[in-house]
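The values are calculated or read from the model by the stated rules, or taken from the named source; none is laboratory data. Note that the structure is predicted; figures quoted are calculated from it, not measured. A quick note on method: Cβ atoms are made from the backbone with ideal geometry, for glycine too, and the neighbour counts reach across all protein chains shown. All accessible areas refer to the heavy atoms of the entire protein, side chains included, with ligands and DNA or RNA removed. Shrake-Rupley method; radii C 1.70, N 1.55, O 1.52, S 1.80 Å.
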Amino acid sequence: MLDKKYDHKLVEENRYQKWEDNHYFECGDTSKKPYSIVIPPPNVTGKLHLGHAWDTALQDIIIRFKRMQGYDCLWLPGTDHAAIATEAKVVARLKEKNINKYELGREEFLKECFKWTDEHKSIIHSQWAKLGLSVDLTKERFTLDDGLSEAVKYVFVELYNKGLIYRGERIINWDPVAKTALSNEEVIYKDVEGAFYHLKYYLKDSDKYLEVATTRPETLFGDTAVAVNPNDERYKDLIGQTVILPLVGKEIPIIGDEHADPEFGTGVVKITPAHDPNDFEVGNRHNLERIKVLNEDGTMNENALQYVGMDRFQCREALIKDLDAKGLLISIEKITHSVGHSERTDAMVEPYLSKQWFVNMESLSKRVLENQKNKETKVNFVPPRFEKIMNNWMSDCHDWCISRQLWWGHRIPAWYRDEEIYVGLTAPEGDGWVQDEDVLDTWFSSALWPFSTMGWPNKTDLYERYFPTDTLVTGYDIIFFWVCRMTFQSLEFTNQRPFAHCLIHGLIRDKQGRKMSKSLGNGVDPMDMIDKYGADALRYYLTTSTAPGMDLRFDEEKLTSTWNFINKLWNASRFVLMNIGTIKEINLTNLNQESKWILTKLNNTIKDVTKYMEKFEFNNVGSVLYSFIWNDFCDNYIEMAKFSSDAVSTQSTLLYTLTCILKMLHPFMPYVTDAIYDSLPIHDENIMISDYPVYDKQLVFKDSENNVNEIINFIRSFRNTLKENNIGSNYQVKINFKEELIIKMLKLQEKITNEDLEITKFKVSSKNYEAIIYYEKEITEDDLKLIEKQKAELQASILKRTNLLNNANFVNKAPQDLVAKEKEKLASEKLELAKLEQR
RNA sequence: GGGCGAUUAGCUCAGUUGGUUAGAGCAUUAGUCUUACAAACUAAGGGUCAUAGGUUCGAGUCCUAUAUCGCCCACCA
């Protein structure tokens, strides 16, 4: 028997261990059809946040549902080494101990990283368990483990051999704090206060000058030209002449290039090919020298004259002061402009000329776009609009910079000897080869996740059986980073999509709609919420509160009401258990009308819930279940069942309905449903491996449903009449029916009279039932007003409906059953009005 | 500049291929210990569905435009 009160802590304690001990999460029953999901591997950088809880709860719901539907389910868990993110954390931790990464050396530093990883993996494991996730831990992978590293190397070498990976000197995004290159996707643009510095670039041997505006004056040491638009009347005659670079005194040419926009600023732009991507292109067109002025850490290098060694921002300040002193500064114009910042270190990113490895995206992205046109093989996004995000990105994407000047990650399988390059799975034969120091972008390995985790490139049983996966669940914020890249790598290397469905969810925000972040301090720890309300409540709330793809405003009050819902389920279960005696089997014959009614409702619910589960519309599942359980089962059926609880059919119906409810709720709230299910007198080994309810036509009774619906509505209007008219308990009633259910529910036995009494009457009626309530009472102004109001409403409705039915277009074009319904309704409204007028 | 989303009750959100009187939770009002549950029960109030047009017998839903808010991408010398 269940405890008197629902206590989520008692319910959830030790239950996960039991599931694991029984190996319920493990896949491998080859007699069943396979279904697979790979977890988006959380970074080993820290604890899981609410976003993870949401994302993984969704997956657990899908996998538990499919498991109960009889699939052999693989939910493959794992973690991501998260190159730069983890490296930054470890560097910070070492710094606390006054240890510098470079002094420590590569090998020792990596040991520290692995130590960090192990600590965080175990935190993640315990959090997965708290959340109740049914991941198959025997299949767990880590992006840096041996198998995955082999896959990464294999892919790198293959792409290199196909000419899709190349090494080149380009302008990339440089993070001067982490001292590494970044991909475009790792740069966050933020509006910052800055300035346009207007400088004088004097023409050679002249007192005339060009006014050049720049936001980064410190790069002028790298200027190798100034550009004007060749069609700009103001300047076109100057093309071919030279100007003197301020302070430096060097002579640089004035060139004509379309890049200079006559409408923007002064129309003159300084060209710094080593520090700006556009200038780099201009430099290529005009064969300009590339002069770097910055070191890797963002300080000025030897080209910066006396400013050498200064930080870039210090230099800017000093330089401007000196330019001003020499009369070379015209003005400082305050502006806000958007400036790139490193996603991980938040440092201002510097466009920087550097030799890096790139993936040529042209053919890879084209293949994704082609594949999305094929209905049979495309990745199906839910909701579908997110496909556009992938397609847009794929139709306009730059080459992917994949090398990172870090230590934590997959080291690039390239070796150099003088001018020679060797790329291969293992080091080349011979002396003098030096391996590339750099590692790969962390997304390079995650892009292979759906198949590398299954043992690919080896043709393992796991890979053959579970790949391609069925569904991937992730937030819309990482469609570029991850979903796109998995898709092109999968198409390129396996000739298959990585997953058939991609369920996209939104972001969690705080109650005011702000993004949760450390700097705002508005983050909520899912473990605190589990502590307060239980994992079941948290999971149900997160997964049923929004439509697919929408953001979620986290609201703790709603967690409370979810807890209440579970408490309601708990108590309803207690009622059932207290009333079914020593039932041995479920026998659904000789059913009374209310049992037929709830079974009909139940089967319609099963049908709807299954439909919505298949479509990943969990918010709809939630509302259908909520109203069925609370309104139909608890408020109505249990109340009615109290009058027939000694009947076998009622006991069977109670138990049967509750069992189905528990099974449908199980994917959402695994703990409490397991606990209740265990205490039922009739049950399978475990709810999570029991059969999902199936719509049963035999248990649908249309007539009973209609009649009991009418009874319920009649009871409501009866109570409403008592309440609205302030009728005390000493009324008498005359009824035209013998329906026991109504009499019992309204406790009318003692009040029934057969006479017409000469006191105030109130009529309650429906299609089949009518009651006249007699009550000693003065009719007040308010009572009359109420009657007038009701009459007016009815009359308005009758008028509207009459007009509708007089409309030939409606009668001819609308579906016939709708027209019939309207007619029926009109008739009953007229009847009701007539009754009101009698009063 | 290109794209996407949102705008529905006091708040947070649903609303299916167009079809009853547009729903839920919380909040509000009035009543109730009714032996599963007072974190409950019973009943009630509350919405010109952002605005303006259009299509249709019929529009929260489809089309066009506008406004406000948010997000993504590109650009930003």
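Some observations on this one:
- Among residues of the stretch A:750-799, those that are part of a strand (DSSP E or B) and either of a type in the set (S, T, N, Q) or exposed (fewer than 13 other Cβ atoms within 10 Å of the Cβ) (or both), counted: 2
- If you go through the stretch A:555-578 and pick out every residue that is open to solvent by less than 30 Å² (accessible area, probe 1.4 Å), more than 14 Å from A:I629 (Cα to Cα) and more than 8 Å from RNA strand B (Cβ to nearest atom), you end up with 2.
- Test for A:T469: is it touching a residue at least 40 places away in the same chain (Cβ under 8 Å), on the phi < 0 side of the Ramachandran plot and surrounded by 24 or more Cβ atoms within 10 Å (Cβ to Cβ): yes
- Residue that is within 16 Å of RNA strand B (Cβ to nearest atom) and at pLDDT below 95, where the choices are A:N754, A:N725, A:N736: A:N725
Table: residues versus (1) closer than 18 Å to A:I61 by Cα; (2) buried (at least 19 other Cβ atoms within 10 Å of the Cβ).
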{"site": "A:H501", "(1), (2)": "yes, no"}
{"site": "A:S519", "(1), (2)": "no, no"}
{"site": "A:R553", "(1), (2)": "no, no"}
{"site": "A:I580", "(1), (2)": "no, yes"}
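- Checking every residue in the stretch A:583-590 against the condition of being among the aliphatic types (A, V, I, L, M), open to solvent by 30 Å² or more (accessible area, probe 1.4 Å) and more than 28 Å from the chain's Cα centre (by Cα) gives at least one match.
- Meets criteria (over 28 Å from A:N707 (Cβ atoms), touching a helix residue (DSSP H, G or I) at 6+ places or on another chain (Cβ under 7 Å), more than 9 Å from RNA strand B (Cβ to nearest atom) and charged (D, E, K, R)) for A:D536: yes
- Selection count, the stretch A:153-188, where residues are charged (D, E, K, R), touching a residue at least 12 places away in the same chain (Cβ under 8 Å) and farther than 30 Å from A:T299 by Cβ: 2
- The lone criterion from (1) surrounded by fewer than 21 Cβ atoms within 10 Å (Cβ to Cβ); (2) in a helix (DSSP H, G or I); (3) over 28 Å from the mean Cα position of the chain (by Cα) left unmet by A:V155 is number (1).
- Pairs with Cβ under 6 Å, 6+ apart, first in the stretch A:76-103 and β-branched (V, I, T), second assigned to a helix (DSSP H, G or I): A:T79/A:K121; A:V90/A:E112; A:V90/A:C113; A:V90/A:W116; A:V91/A:K101
- The strands (runs of 3 or more DSSP E) falling completely within the stretch A:349-438 that include 1 or more residues that are out of contact with any Leu (no Cβ under 7 Å at 6 or more places or on another chain) and among the acidic types (D, E) map to A:420-423.
- Selection status of A:E685, over 30 Å from A:D531 (Cα atoms), surrounded by fewer than 20 Cβ atoms within 10 Å (Cβ to Cβ) and not aliphatic (A, V, I, L, M): no
- Selection status of A:F718, surrounded by 14 or more Cβ atoms within 10 Å (Cβ to Cβ), within 16 Å of RNA strand B (Cβ to nearest atom) and assigned to a helix (DSSP H, G or I): yes
- Test result for A:N380, among the polar types (S, T, N, Q), farther than 23 Å from A:V155 by Cβ and loosely packed, with under 14 Cβ neighbours inside 10 Å: no
- Residue in the stretch A:493-515 that is within 30 Å of A:D674 (Cβ to Cβ) and either more than 19 Å from the chain's Cα centre (by Cα) or part of a helix (DSSP H, G or I) (or both) present: no
- When A:A535 is tested against (1) of a type outside the set (S, T, N, Q); (2) more than 22 Å from A:S452 (Cα to Cα); (3) open to solvent by 60 Å² or more (accessible area, probe 1.4 Å), just one condition goes unmet, and that condition is (3).
- Matching residues in the stretch A:218-231 - criterion: being near RNA strand B (Cβ under 10 Å from one of its atoms) and charged (D, E, K, R): A:D223
- Some residue of the stretch A:190-202 being away from RNA strand B (no atom under 12 Å from the Cβ) and aliphatic (A, V, I, L, M): no
- In the stretch A:247-272, the residue that is surrounded by the fewest Cβ atoms within 10 Å (Cβ to Cβ) out of those that are assigned to a loop (DSSP other than H, G, I, E, B), away from RNA strand B (no atom under 11 Å from the Cβ) and touching a residue at least 24 places away in the same chain (Cβ under 8 Å) is A:V248.
Residue-wise test of (1) open to solvent by 80 Å² or more (accessible area, probe 1.4 Å); (2) within 27 Å of A:E186 (Cα to Cα); (3) of a type outside the set (A, V, I, L, M, F, W, C); (4) part of a loop (DSSP other than H, G, I, E, B).
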residue	(1), (2), (3), (4)
A:G309	no, no, yes, yes
A:C315	no, yes, no, no
A:I320	no, no, no, no
A:I330	no, no, no, no
A:I335	no, yes, no, no
A:T345	no, yes, yes, yes
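- Residue under evaluation A:T610, criteria (1) surrounded by fewer than 21 Cβ atoms within 10 Å (Cβ to Cβ); (2) within 12 Å of RNA strand B (Cβ to nearest atom), criterion not met: (2)
- Checking A:V379 against (1) away from RNA strand B (no atom under 16 Å from the Cβ); (2) at pLDDT below 95; (3) hydrophobic (A, V, I, L, M, F, W, C), the condition it does not meet: (2)
- Residue within the stretch A:816-832 that is loosely packed, with under 12 Cβ neighbours inside 10 Å, farther than 25 Å from A:I712 by Cα and among the small types (G, A, S) present: no
- Residues of the stretch A:634-653 classified as free of Cβ contacts under 8 Å to residues at least 40 places away in the same chain and of a type in the set (V, I, T), total: 0
Residues checked against (1) touching a strand residue (DSSP E or B) at 6+ places or on another chain (Cβ under 7 Å); (2) within 11 Å of RNA strand B (Cβ to nearest atom); (3) at pLDDT below 85; (4) β-branched (V, I, T):
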position	(1), (2), (3), (4)
A:I779	no, no, yes, yes
A:K791	no, no, yes, no
A:S797	no, yes, yes, no
A:L818	no, yes, yes, no
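- With respect to the conditions (1) open to solvent by less than 10 Å² (accessible area, probe 1.4 Å); (2) without any contact (Cβ under 8 Å) to a residue 12 or more places away in the chain, A:H275 lacks only one, and its number is (2).
- Residues (free of Cβ contacts under 8 Å to residues at least 60 places away in the same chain and open to solvent by less than 10 Å² (accessible area, probe 1.4 Å)) located in the stretch A:41-72: A:D72
- Just one of (1) within 7 Å of RNA strand B (Cβ to nearest atom); (2) buried (at least 19 other Cβ atoms within 10 Å of the Cβ); (3) among the acidic types (D, E) fails for A:E594. It is (1).
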